[in-house]
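Encoded as structure tokens, the structure appears first; notes follow it.
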Amino acid sequence: MPAWFWLVPVASVVALGAAYGFFREMMKESEGTETMARIAAHVRAGAIAYLKQQYKVVGTVLVSLTLIFCVVAYVFHMQNPWVPFAFLTGGMFSGLAGFIGMRTATYASARTANAARRSLNAGLRVAFRSGAVMGLTVVGLGLLDISIWFFVLTHFYGTNDAHQVVVITTTMLTFGMGAAVQSLFARVGGGIFTKAADVGADLVGKIEAGIPEDDPRNPATIADNVGDNVGDVAGMGADLYESYVGVILASAALGAAAYASSGATIQLKAVIAPMVIGALGTLLSVVGVFFVRTGEKATQKQLLGALGRGVNGAAVMIAVASIFVMRAMGLENMWGLWLALLAGLLTGIAIGQAAEYFTSQGYAPTQRIAAATKTGPATVIIGGLGEGMMSVAIPVMAVVTGIGLAYFFGSGFSFGTDTLSLGLYGIGMAAVGMLSTLGITLATDAYGPIADNAGGNAEMSGLDPEVRRRTDALDSLGNTTAATGKGFAIGSAALTGIALMASYLEEVKIGIQHILDRGLGYTFPDHFHLASTATDQLQSLNLMQMMTHYEVVLINPKVIIGMFTGAMLAFVFSGITMKAVGRAAGQMVDEVRRQFREMPGIMAGTQDPDYARCVAISTKAAQREMMLPSILAIAAPVVMGFIFGVPGVLGLLAGAAAAGFSLSMFMANAGGAWDNAKKYIEEGHHGGKGSESHKAAVIGDTVGDPFKDTAGPGLNILVKLMAMEAIVVAGVTVAISLV
Amino acid sequence: MSTYLYLSLIPEALVASMLAPDDFGLYYAIGSAKRSRGQAIFFSVDRDKIADAGFPLADVEARCVAHSDGRPKSSLYLSIYRVLERIPRDALTALHLATDDGRVLTIQPQEFVADGEERTHLYQEICPVTPRIVSHLNPAEFAGFITDTDRNVHVPRIAFTELTLGNLKNDPDHHDIDNLPYPNIGHLRDCLRELAKAPDKANKTVLRQMTQEVLFRTIRNGVFIGDSTGITAFPLPTRDTLEREHLAWWRSAQSTFGQ
């Protein structure tokens, strides 16, 4: 085992230790007054109730799939025997990351509000470091999972045989699928939960009963706050856990394939390089957390600057430190890989900046939507859709530029396809670069809902106006960082999607190997035949040759069918999740109306609403409504592979990635812009609160809610889960396909 | 149980109730079944000072009694139509502004003191008539003008409020309407321009009839009751005081959409 590998478990322990330290530090803070503690306890209880229910459902799914994989692996011998266990641990670690992050967030909100009573900086410190618990737990558990599996598999398979290293890395990829299944449930379920509560609270509480946001008389207000935690903390955490391990493992697999003929030492360096960069980024993220502080009279810009110092500081440090580490590791094409890494970092920053430009009320797009409110809801909707569609251009251009540069640098400064594997490894390294500082970027993301809940707690507890001004400032900042975080998640999905497609072909080769091992021959669609003894011939096939033998060209109807199906799935998945929110919100509306009708003491303030029932309705609705999109995502690659084989699956993945990425950016940015256009009006523009413009903006925001918090973020998981699923069932696809 | 007398402006009525102002405001705004809502503006009335006004006050003792199950009597209408003009200004001991979700702000009367600022005023008449007017006159002058018996068009007593005009108060063409929620701003600008061109013209009607609730956040300096003998002011607390001492009411007032 190369010495550099040990940096990975060390970084994991440091990250988890730091997360525990920040957690302890946060827990030492007081929750404030009795009212503040009571409200926080309601939210905490609701969040735990939701997670219990979700983990029951997702646990059942994970165990069921594990049993299926056991049958495939041990009865039909179509899969590596480690796959079922790797799959299960991925799901478990992802769930654990979400649980810890959400538990922390529900403890942190009242403490943030209470700290804001002392100063803005104290509030920022508590909220941000509680967010850092989530960020560091995600990367810490990710690296721990990777370390354990790499250690175990290398122990059993050894690292001297290049093919065995490929088998190790592609086997490890399957725990990414476990994480992807968990993250789909967390993200989509959380998204449905939070938007059902949010829309229900707004429609009945704010519009019908006329009570303000976060008014404790609104039965859905606790569910709304719970939703912020389960959707934006647990959901986002599980999503990015899956992205993080997916990126590192896909890059490791690409490294194993690209350097398979370079000798064991070089190949192993290429395999552990993404892990080491991830570990380095994690250590520097811990350092970056300490950069985040601000003065008492800080403006919004200075607050943003404070967070930027942490995130950008970590990014600069990783850019510089990685030169020395990659050099010390003695990687081949070291400068090319470093430039690819840098391209990934810059792509991430460009996507984040674009998201901020298109969603912040400080810039023209959101202000144009706000201006459109003067002519009514219809023009607001048209304006938001238009700006959202336009917003896709910069991120897509950033990603394609990043892909192009990373390929060019990774392949040894060439666009030729003779060095395809090396170029793809460069793309993998770019994705690793983008997510290397996830520990701190996720902290800025998880910080948002904590600050949001702190604001709600301050409002409901009737804290001093100065405190509420401080929590408002923190909350407003959280909205901007949330948009940036979503851009990161989506951007990384695009790069990971490409890396996973290459890994898929490697897994296909292993699937063919299983067939050969059973003493059978294998014939490709172009009639190229491999005899049962042709193991070496199979191993010598590079990616381009595999694509040729499978006839993966645009005019192949199997590929075209796959592409159109993939693109269609992105839309259908969005449609299903949007409709799910509509149905769940409808149930919430009915319940809130019922409580107002049957419990007249609520409005008089003499009777507590039944908060728990609203939480239960959102929970059940989320669990029920997420089944169909989950089945769709899990079944699509299996069905496509069963009918149209490898070319169909590759077409499916390409179509879903291209359409899903653009659609996801569109939905996230349009939703964010609608939300902030409403906030812009509430700040006093175009007539302010209570005006006709405000009414139109509220409609825009309500439409945008499921865009930005349910369908949009769910799409990137769809893309990655389908790719992971394809990899896991590649052995079956190779063995059985109808056409 | 005490019994209270209230003068409601929306609608104009004298009401007896066993509910204290905060509870009456809640009841009046959202009803007993809590399914309807609408803001309420009402005054506490000193019963001793309206003894000679001809209201059926004996009904209060006879009919404003608790229900058989012990619940207090919420409202007993004693009179509607031309009520305001029969109640002397000094009988109005407090003003209560109830938001449409039932939060109540209570304001004590004060002597009116003009702020002396040169500006155009925007008045919303609340009772007994409800036009919205732009005017050169300050609140005391405006009340005197509307209740001037020498003019053909007058009322005996008027309840009204001055609404904020923001940047338009001295410049009808100012591009930034900022936080003004009034419908049809273009027409408001036309009225302000017309008034600016005619210094001899005291008032100009913007809306013949109030079509929406008064957004409490737009009240500039309070509610006034005026007649030919003078004016009584019920000034709204400062923004800072509202945020510190009347937070629930202020949040509710800000979130009101109107109907």
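Across all Cα atoms of segment A:210-269, the radius of gyration (one decimal) and Dmax (whole number) stand at 22.8, 71 Å.
Against the main long axis of the alpha-carbon atoms of chain A, helix A:334-359 sits at an angle near 30°.
Of the chymotrypsin sites (Phe, Trp or Tyr not before Pro) found in segment A:273-340, the ones in coil according to DSSP and having at most 13 other Cβ atoms within 10 Å of their Cβ are A:Phe290. Amide H contacts of B:Gly222 (H built 1.01 Å from N, in plane; Pro and chain starts excluded): B:Glu162, B:Leu236 sit under 5 Å, all sequence-distant by 5 or more or on other chains.
Where the centre of each part is set by its Cα atoms, how far does segment B:6-69 sit from segment A:321-375, in angstrom? If we compute the Cα centre of each part, the gap is 63 Å. Per residue, the accessible area of chain A comes to 31 Å², computed with a 1.4 Å probe over protein heavy atoms only. Loop by DSSP (not H, G, I, E, B), at most 16 other beta-carbon atoms within 10 Å: where is the longest site-free stretch of chain B for GluC sites (Glu not before Pro)? Maximal segment without exposed cleavage sites: B:119-259.
Comparing the full protein assembly with the isolated chain, the residues of segment A:209-228 losing at least 10 square angstrom of accessible surface (1.4 Å probe) are A:Ala209, A:Gly210, A:Pro212, A:Glu213, A:Asp215, A:Arg217.
Pairs A:Lys297/A:Lys486; A:Lys195/B:Lys73; A:Lys689/B:Lys204; A:Lys695/B:Lys197: which are spaced more than 32 Å apart, C-alpha to C-alpha? Distance filter (> 32 Å) returns A:Lys195/B:Lys73; A:Lys695/B:Lys197.
If I model segment B:4-108 as equal point scatterers sitting on the Cα atoms and use the Debye formula, what is log10 I(q)/I(0) at q = 0.11, 0.21 Å⁻¹? Reported log10 I(q)/I(0), two decimals: -0.31, -1.12. The residues neighbouring A:Ile510, those whose beta-carbon lies less than 15 Å from its own, together hold a net charge of -3 under the Lys/Arg +1, Asp/Glu -1 convention.
The longest part of chain A holding none of the exposed loop trypsin sites (Lys or Arg not before Pro), meaning those outside H, G, I, E and B in DSSP with at most 14 other Cβ atoms within 10 Å, is A:29-292.
Of all the options B:Gly144, B:Gly31, B:Gly186, the one that moves most in a Gaussian network model of chain B with Cα springs shorter than 10 angstrom is B:Gly186. Interface between chains A and B: roughly 2400 Å² of accessible area buried, both sides summed (probe 1.4 Å, protein heavy atoms only). Taking all protein chains together and a 1.4 Å probe, the residues A:Val400, A:Val271 rank A:Val400, A:Val271 from largest to smallest accessible area. Once you reduce segment A:104-170 and segment B:136-152 to the center of their Cα atoms, the two points are 72 Å from each other. Counting only other chain Cβ atoms within 10 Å of each residue's Cβ, the peptide A:331-337 averages 0. Coordinate range of the alpha-carbon atoms in segment B:147-252 per principal axis, descending: 45, 38, 24 Å. For chain A, which whole percent of the accessible surface, found with a 1.4 angstrom probe, sits on carbon and sulfur atoms? Its accessible area is 66 percent carbon and sulfur atoms. Centre-to-centre separation between the Cα atoms of segment A:600-671 and those of segment A:250-276: 35 Å. At a threshold of 20 Å², the residues of segment B:215-259 that become less accessible to a 1.4 Å probe in the full protein assembly than in their chain on its own are B:Arg217, B:Glu243, B:Arg244, B:Leu247, B:Arg251, B:Gln254, B:Ser255, B:Phe257. Heavy-atom accessible surface of A:Tyr363, to the nearest 10 Å², is about 90 Å², with a 1.4 Å probe and all protein chains retained. Its residue count N sets the reference 2.2 N^0.38 Å, and the alpha-carbon radius of gyration of segment A:151-201 equals 1.95 times that reference. Contact residues in segment A:600-638 (at least 50 Å² less accessible area with all protein chains than alone, 1.4 Å probe): A:Met603.
Give me the percent relative contact order of chain A, please, defined on Cα pairs under 8 angstrom at least 6 residues apart. Working shown, then result.
Details: 1487 pairs, mean separation 152.4, N = 739.
For chain A, the relative contact order is 21 percent.
Normalised Debye scattering of segment A:674-739 at q = 0.12, 0.21, 0.24, 0.26 Å⁻¹ gives log10 I(q)/I(0) of -0.52, -0.83, -0.91, -0.98, counting only Cα atoms as equal scatterers and leaving out solvent. Using DSSP, restrict attention to beta bridges with both residues in the protein assembly as shown and report what percent are antiparallel, rounded to the nearest 5. Bridges in the protein assembly as shown that DSSP calls antiparallel: roughly 100 percent.
When you filter the trypsin sites (Lys or Arg not before Pro) in segment B:139-226 for DSSP loop state and at most 11 other Cβ atoms inside 10 Å of their Cβ, you are left with B:Arg151, B:Arg208.
The smallest convex shape that holds all Cα atoms of segment A:207-313, its convex hull, gives 165 Å³ per residue. For A:Leu652, A:Leu88, A:Leu65, the ranking by accessible surface with the largest value first comes to A:Leu88, A:Leu65, A:Leu652, using a 1.4 Å probe. For segment A:109-208, the Cα-based Rg and Dmax, in that order, read 21.8, 70 Å.
Counting Cβ atoms of other protein chains within 10 Å of each Cβ in B:95-102 and taking the mean gives 3. Relative to the longest principal axis of chain A, what angle (0 to 90°, nearest 10) does the C-alpha long axis of helix A:83-118 take? Tilt relative to chain A: about 30 degrees.
Enclosing the Cα atoms of chain A in their convex hull gives a volume equal to 130 cubic angstrom per residue.
Under 10 Å from the Cβ of A:Lys486, count the other residues' Cβ atoms, weight Lys and Arg +1, Asp and Glu -1, and hand me the total.
On the way: positive: A:Lys708; negative: A:Asp232, A:Asp239, A:Asp445, A:Asp709.
So the environment of A:Lys486 carries a net charge of -3.
Here's the list of lysines a cross-link from A:Lys52 could span, going by alpha-carbon distance under 17 Å and ignoring same-chain residues fewer than 8 apart: A:Lys620.
As a test of the formula, what do you get for chain A when each DSSP H run with n ≥ 4 contributes -39,500 (n - 2.57) and the sum is divided by the residue count, at 222 nm and rounded to the nearest 500 deg cm²/dmol?
Working: 25 runs with 581 residues, N = 739.
The per-residue figure over chain A is -27500 deg cm²/dmol.
Of the trypsin sites (Lys or Arg not before Pro) found in segment B:39-91, those that fall in a DSSP loop while having at most 15 other beta-carbon atoms within 10 Å are B:Arg82.
May I ask you to derive the FRET efficiency for B:Val65 and A:Ile631 from their Cβ-Cβ distance with R0 = 45 Å, giving the value to the nearest 0.05? Before the final figure, lay out each step's value.
Details: r = 65 Å, r/R0 = 1.44.
It comes to 0.10.
Per residue of peptide A:690-700, the mean number of Cβ atoms on other chains within 10 Å of the residue Cβ is 4. The angle between the Cα long axis of helix A:393-410 and the longest principal axis of the Cα atoms of chain A comes to about 30 degrees, rounded to the nearest 10. All Cα-Cα separations within segment A:572-667 were binned at 10 Å from zero, giving a P(r) of 14, 29, 24, 16, 11, 6, 1, each value a whole percent of the pairs.
The values are calculated or read from the model by the stated rules, or taken from the named source; none is laboratory data. Just so it is clear, the model here is predicted, and its values are computed rather than measured. Virtual Cβ from ideal backbone geometry, glycine too; neighbours counted across all protein chains shown. Just so you know, the surface numbers come from the protein's heavy atoms only, side chains and all, with ligands and any DNA or RNA stripped out. Shrake-Rupley method; radii C 1.70, N 1.55, O 1.52, S 1.80 Å.
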